[in-house]
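First the structure, in the form of structure tokens, and then the observations on it.
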Amino acid sequence: MKKFICIGLCIALIVCFFAPLTACSESTQNPSSQYQKEIEELRKQLEEQQQKIDDLQQENNDFKKQLADIEFQRNAPYGTFCSLETAYDLGYLTKDDLMCIASIQNEWSGNSDESDQTQIPEEVSREIRETAAYSCRTNAHSPIPQADYEDIFI
């Protein structure tokens, strides 16, 4: 009988000793569903934050392009005469504008009769005259404050 009691106590001690260890190892190997939910929630938040970062970087690039355009416009040489090549490089003239100017120039140079010459479009003519008037008004050596585009003839 003493043998049965000793064996029973030994089994009880072994169970009491190993039971917490098994429970611990099971909880570390398989996290509870609560922890899994928290991990998933944190992953979703991380993905959302990454998407926000990507969106902000794209927006920053767009703003950089807009700033470059504004700087270009601010530093553009308005009111001064420049070559057609410079005007084209600065974006004031398109290829079609250059072709139109070349066509008009070719017609004028080949024809001595002014009545047959092709006219410059009124919008282009006015812009040229406004630029010339502005240049006259802001001339550093001898400004003409009353210069107006209507006083300039092409």
- Item | Selection count, segment 22-35, where residues are assigned to a helix (DSSP H, G or I) and modelled with pLDDT under 70 | 8
- Would you be able to say whether some residue in segment 60-77 is at pLDDT below 75, loosely packed, with under 12 Cβ neighbours inside 10 Å and of a type in the set (Gly, Ala, Ser)? no
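Here is a yes/no grid of residues against (1) of a type outside the set (Ser, Thr, Tyr); (2) modelled with pLDDT of 75 or more; (3) within 26 Å of the chain's Cα centre (by Cα); (4) assigned to a helix (DSSP H, G or I):
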| site | (1), (2), (3), (4) |
| --- | --- |
| Val15 | yes, no, no, yes |
| Pro20 | yes, no, no, yes |
| Lys37 | yes, yes, no, yes |
| Ile53 | yes, yes, yes, yes |
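The values are calculated or read from the model by the stated rules, or taken from the named source; none is laboratory data. Quick caveat, the model's predicted, so the values are computed rather than measured. Note: ideal-geometry Cβ built from the backbone for every residue, glycine included; neighbour counts use all protein chains shown.
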